[in-house]
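Structure, as structure tokens:
The values are calculated or read from the model by the stated rules, or taken from the named source; none is laboratory data. Only a predicted model underlies this, so the values are computations on that prediction, with no experimental measurement involved. We place every Cβ from the backbone using ideal geometry, glycine too, and count neighbours over all the protein chains shown. With ligands, DNA and RNA removed, areas are computed over all heavy atoms of the protein, side chains included. Shrake-Rupley method; radii C 1.70, N 1.55, O 1.52, S 1.80 Å.
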Amino acid sequence: AVWCPLSPAGAQTTQLLVEPPWRPAVLWDRVTLTCQGSGTAGATTWYKDRHRWGQQGHDHFTVTERGTYTCDRPGSGLSRSVRVLNDQLVLQVPARALLEGDTVTLRCRG
């Protein structure tokens, strides 16, 4: 058997929370992104479309541009990405972990 130790820091990951909690997010919903993790608060680095982006140091902000956003906090790493669209018609799913067998509400919005 192979033993792979997990350090407490390795178990803590950076989360990018979306409000309202639907994915993909849409710009006309006034979307707020919040970066959470065990890493250093107030030292958040934001990326938009894979490029370092202007909201450095802030843990949350209201999105004003479409794009794909991620955040990084020293000590807990890079978050998963969140897409924010400006499409006229979008099919959304809840912005939470979904497991096989879950009942899911989809939203078709325009």
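Residues in region 33-70 that are polar (S, T, N, Q) and modelled with pLDDT of 85 or more: T34, Q36, T44, T45, T62, T64, T68, T70.
Which of (1) modelled with pLDDT of 90 or more; (2) farther than 24 Å from V93 by Cβ does Q12 not meet, given it meets every other one? Unmet condition: (1).
The residues of region 73-103 that are of a type in the set (A, V, I, L, M), in contact (Cβ under 8 Å) with a residue 60 or more places away in the chain and not in a strand (DSSP E or B) amount to a single one, A95. Test T70 against the stated conditions and say whether it is polar (S, T, N, Q), over 24 Å from G110 (Cα atoms), open to solvent by 20 Å² or more (accessible area, probe 1.4 Å) and part of a loop (DSSP other than H, G, I, E, B). It is false that T70 is polar (S, T, N, Q), over 24 Å from G110 (Cα atoms), open to solvent by 20 Å² or more (accessible area, probe 1.4 Å) and part of a loop (DSSP other than H, G, I, E, B).
Being over 14 Å from V31 (Cα atoms) and among the aliphatic types (A, V, I, L, M) holds for only one residue in L78, L85, and it is L78. Look at (1) over 27 Å from V104 (Cβ atoms); (2) open to solvent by less than 50 Å² (accessible area, probe 1.4 Å); (3) touching a residue at least 24 places away in the same chain (Cβ under 8 Å) and you find that K48 fails only one, number (3).
Restricting the search to region 73-97, which residues are farther than 17 Å from R23 by Cβ and open to solvent by less than 70 Å² (accessible area, probe 1.4 Å)? If the condition is that a residue be farther than 17 Å from R23 by Cβ and open to solvent by less than 70 Å² (accessible area, probe 1.4 Å), then R73, P74, G75, S76, G77 are the ones that fit.
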